[in-house]
Every structure is written in structure tokens, then in C-alpha cells.
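The values are calculated or read from the model by the stated rules, or taken from the named source; none is laboratory data. Since this is a predicted model, take the numbers as computed values, not measurements. For neighbour counting, all protein chains shown are included, and Cβ atoms are generated from backbone atoms with ideal geometry for every residue, glycine included. These accessible areas exclude ligands, DNA and RNA; they are computed on the full protein's heavy atoms, side chains included. Shrake-Rupley method; radii C 1.70, N 1.55, O 1.52, S 1.80 Å.
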Amino acid sequence: MAEQPKTSATNSPDSLLSGSTWITASGIISRALSALYVIPWNIWMGSALIAASANALYGKVYHIYDFFLLISTAGLPSAISKQISHYNALGEYEAGNQLFKQALKVTAIIGVVFAGIMYFGAPEVAQVFTNGDPRSIPAIKALAIAILLLPTLSIMRGYFQGYSLMEPSALSMMFEQLVRVCYMLAITYITMQIRHGNYVDAVTKSTFASFVGASASILYLLGCFWRRRHYFGDLATLGSHNLQFTARDFTKEIVQQAIPFVIIDSTITIFNLFDQSTFNWMMQSFMRISQQQLDYYYSLFGFQANKLIMVIVSLATGVVSSSIPLVSSLYTQQKTESIKQQIRDILCLFMFFMLPAALGMLAVARPLWITFYAYSALGIKIMRLSCVMALLIGLFMVLAAILQALYKNGLAIRYLGIGFLVKIIIQWPLVYWLQAYGPIWATICAMIVICALMVTKINRLYPLPWAQILRRDLWPLIALAVVMLLVVWGIDGLVGQLDTTGGRLRSTGYLMLEIIIGAFIYGYWVLKKRSFDQILHISGDKLRNKLHIK
């Protein structure tokens, strides 16, 4: 018998939690792999200065790649999953299939167009985004090849998500990242350690890993389609057939739904590209500084800290990916009270995971930074500030997803525009005042503005009992997370005083110890205070009995 997966009509808290768990686990593992490779990668590059230059170059070209990836694909999984969920809620499974088939044709064209622009226009792209750095051109061309495949890969993931099948999408992301990292490390070791090449060549060859990983992920998803082909076919045959669309109608729908998602999903990349394009000249406008020193400063906040905080931002991605089809399905069915409850569940679920993750990373910033990059007092401080930024970025992603699921795309884009304008206005004064901290503070201020506008609008559309939510759900979590932060930070401060020259190996040990202590503190109290049961909508009695928690 064919496997019977849940459809997007499933809108229970269990569905949200299950979907969030898969996508969150995938995001964390993928981001962790993407961060962990940095340790051997930096070691094989050679000296600290060469490693910093390699990190800066890699970060710059990858931000460009992210931008092209986002404008060509980022909105597609969310947009397709949202519309397929919409059609499934109506019983129009065949309409969803036709939308998917037309989307594959559209994305094939998109892939060719954007890959061509990125490859043949590499010198012009480098001029705009890297101040014409000639080192970046070969790497940009290497990354362009991956753009051929990624729009199609995104559509395939969106189709599964529209049926609330998060497992194939999540596993494909983990598989893609695993293959990518293995290829990167192998080619870097060969280039730098065996052939004794230069870091520019190693970075260029490392970027081609994106194409290798995407190819592996597509092959995996094709296998998933094959295994479920009978189920999808049966749904299409037995469902309603009241809607009639032409290929042109579906193309128009894909574009209309994808563009807002592209803009919103591009936010982090756009902010990063703005930092990358303006940081050098802003710094040089008021001080004399070498290119090597600029690379060092930029690498700290633009690549190294950013690489680590994206691990915890992936928690928000998990909530977002599963919440869009659920809320969209409820909106289609006009279930106002259910929408309110779903919004409440989404926000509480986000805070349950994201708050301790962000504050926990802030608390262990010192051993974390040393483990990955070796000691840097400035880098550790930037890491701590970046954790605050990560929390706000995650909240923005969740709020934007709620607005989009409620078909308020225009408002989400307008609020983003206002926030970005705030960043543009305050960036130079903050860089002048705070130097390497300036871009991070500018993003924090912009995100506060955007999130405030979004929360206000969502509450106007679907008023929530905020006093009750804060008192019953959020304040206990905030208090527990802050206690965990203070305890772990205090322990880390003591360790730092006793071992001022801790190397990478000892710092890794301290990091593991502090993570275990922080996880125990937070985990113990959310179980004891029943926040675990209340927010996740599952019983924690078995865990409490095993851990002897009353």
C-alpha cells in the first residue's frame, strides 16, 4: 500500500511541532556542518593572516552567491508549499500538481538566466559587490554553475512541504550540506597541503562544492518522489476537479506568490551585501587602514560570527517552513480562532527554542570562538553582539512568515523597506562611532523597527491576549533563559580567569561543559515548571519520571 503522508490540511499543534522538528533539526545539522568545516579549513590555509584573507574572500563571494540564489530560488519553496497547501485544503490535488509541473519549467529557465548573468557578468558583479576585487571573479564563476540546479531543487522541496512532508525536504538539505562540506575539505586539503597552492585557488575550488551538493540532493529527492508516486497519483485522481487553469495562469501565480517570498527571504543577504559593499569605504573615510586590516575586521563580523549565529537562526527557519502551509490552510478555510491559536503556538514555539539558543551562544562565546577561530578579544565581543542580532533576525523571519501566510505580502515588504532605510541612514554614523561593531548595531536597530511594525499589524488583524501570553507562556521562558545565561556566563568568566591562555583543545572541553550545564539548567526548569508540556502540547511526564523531577 502507498505511504499515507499528512496533507497540508493538517493544522494541529502536533503537525506544527513535527514539521518544525524536522526542518529545525535539518537546519541545525546543516549549519553545524557548515560551521565545523571552518576548523580544518582554516588550519590547512596556513597562517592566521592567510586564513583571515581566505575567510573574507569566501564570505564576500558567498554573500553574492546567496543573493543570486535568493532572487532565483529563495521564495519558491515557501510560495509553492503555500499554494499547494491552499489547493490541498480545497481538495484540488491535481491543480497543485499542475502548478508544480509548470513551476519546474519556469525554474529551469530561471536557473539558466541567473547562472548566465553570474558567470558571464562576474567582473561586473565583482565591481558592484567586492569593490572590483579580482580575486573574487573565479570564485563567482564557480558558484554560478550551482545556480543552474538550485531553482529546481527548491521547487521539489516546496512540493513536499505543501503536503506537510517535511522529512524529505529536511533530509535533502542535510545530505546536500554533508556532500558539499566533504568535497570542500577534500579539495582544500589537496590544494593547500598536497600541492601547496594559494588560498585564492583553494577558495575558488571550494565554492564549486555547492554544485556537487545540489546534484546529490536532487538525486535524493527524485528517489523520494518515486517512492510516493502512487500516493500522489491517487490523491490527484480522487480529489476535486473543479478548478481549470492554463499554463499561463500557473506561471502568473508562481511569479505573484514567489516575488514577495524572494524579497523577504533575501533580507539577511541584502543586509550582508550592504555591509560588504560599504564597510571598506566607510572605514577608510575617517581613518587610514590597510586592506589586510579591513579584511580582518570584515571577516570577524561578516563571515566568522555570521557563520556561527546562522546555526541558531536555523531554529527560526524550522518554525517558518512548517508554519506557512498550516496558517495558509487555516486562512483558506476562514478559521479565525484557529489562526489566532496557531499564531500563538508559532510565537511560543519560536521563543521556547530560539531564546535559550541565542542567550546560550552568547554565554559560551569565548570558548566557542577559540574552538573555531583561535583567540581574539574583538572577535569574542562581536560574537556576543551578533547573538542578540540573531534573536531579532529569527523573530523577523517568523513574523514575516505569518504575514505572508495571511496574504499580507505587501505589508511585509513595506515594513522591510522601512527597516532597511533605517539601516542605511544610521550605518555610517555607527561605523564611525563603533567601527567593526557598527554594521551589527545598525542591523539590530533595523530589526527592532521591522519587528515592532509587524507585531502591531498582526495583532490588529488577529488580536491576541498578550497579557495572558506574556504571563503564562513567555515570561517563564525569558526568566529561565536569563538565569541560564547568567550561570553559564559566570562559569565561563571563572574559567577564563583560571586559564587565560586556553588553546583550541581545552576551549573545546570548556565549551562542551558549559553547553551541558546550560542545557541542564534550562531543560530541568522547563520540565519542572511544565513549560515543556504547555508550549509543545505534549506530556513530559515520562521525562520527569526518568529524571526524578517532581
Any hit, the range 52-62, residues being open to solvent by 20 Å² or more (accessible area, probe 1.4 Å), closer than 21 Å to residue 173 by Cβ and either within 22 Å of the chain's Cα centre (by Cα) or among the acidic types (Asp, Glu) (or both) = yes
How many residues does the range 492-540 hold that are of a type in the set (D, E, K, R) and either assigned to a helix (DSSP H, G or I) or modelled with pLDDT of 85 or more (or both)?
-> 6
Which of the residues belonging to the range 398-439 are β-branched (Val, Ile, Thr) and buried (at least 22 other Cβ atoms within 10 Å of the Cβ)?
-> 398, 402, 431
Search the range 323-341 for residues being open to solvent by 10 Å² or more (accessible area, probe 1.4 Å) and in a helix (DSSP H, G or I), and hand back the single one that is nearest to residue 472 (Cα to Cα).
-> 341
For residues that are touching a helix residue (DSSP H, G or I) at 6+ places or on another chain (Cβ under 8 Å) and aromatic (Phe, Trp, Tyr), scanning just the range 268-292, find the one that is surrounded by the fewest Cβ atoms within 10 Å (Cβ to Cβ).
-> 286
Which of (1) open to solvent by less than 20 Å² (accessible area, probe 1.4 Å); (2) in contact with an Asp or Glu (Cβ under 6 Å, 6 or more places away or on another chain); (3) modelled with pLDDT under 75 does residue 70 not meet, given it meets every other one?
-> (1)
Failed condition for residue 485, given (1) in contact (Cβ under 8 Å) with a residue 60 or more places away in the chain; (2) within 22 Å of residue 267 (Cβ to Cβ) = (2)
In the range 137-154, anything farther than 13 Å from residue 64 by Cα, of a type in the set (A, V, I, L, M) and surrounded by fewer than 24 Cβ atoms within 10 Å (Cβ to Cβ) is listed as 145, 148, 149
Identify, from the list 130, 107, the residue that is over 17 Å from residue 160 (Cβ atoms) and either open to solvent by less than 30 Å² (accessible area, probe 1.4 Å) or touching a strand residue (DSSP E or B) at 6+ places or on another chain (Cβ under 8 Å) (or both).
-> 130
When residues of the range 158-180 are limited to those that are within 12 Å of residue 85 (Cβ to Cβ) and among the small types (Gly, Ala, Ser), the one surrounded by the most Cβ atoms within 10 Å (Cβ to Cβ) = 162
Please work out which residue is nearest to residue 43 (Cα to Cα), limiting yourself to the range 480-527 and to residues that are buried (at least 20 other Cβ atoms within 10 Å of the Cβ) and hydroxyl-bearing (Ser, Thr, Tyr).
-> 507
So, first residue over 17 Å from residue 149 (Cβ atoms) and modelled with pLDDT under 85 in the range 161-182, second residue among the hydroxyl-bearing types (Ser, Thr, Tyr) and not in a helix (DSSP H, G or I), Cβ within less than 8 Å, six or more apart or across chains; the pairs are 162/8; 163/7; 163/8; 164/7; 164/8; 164/10
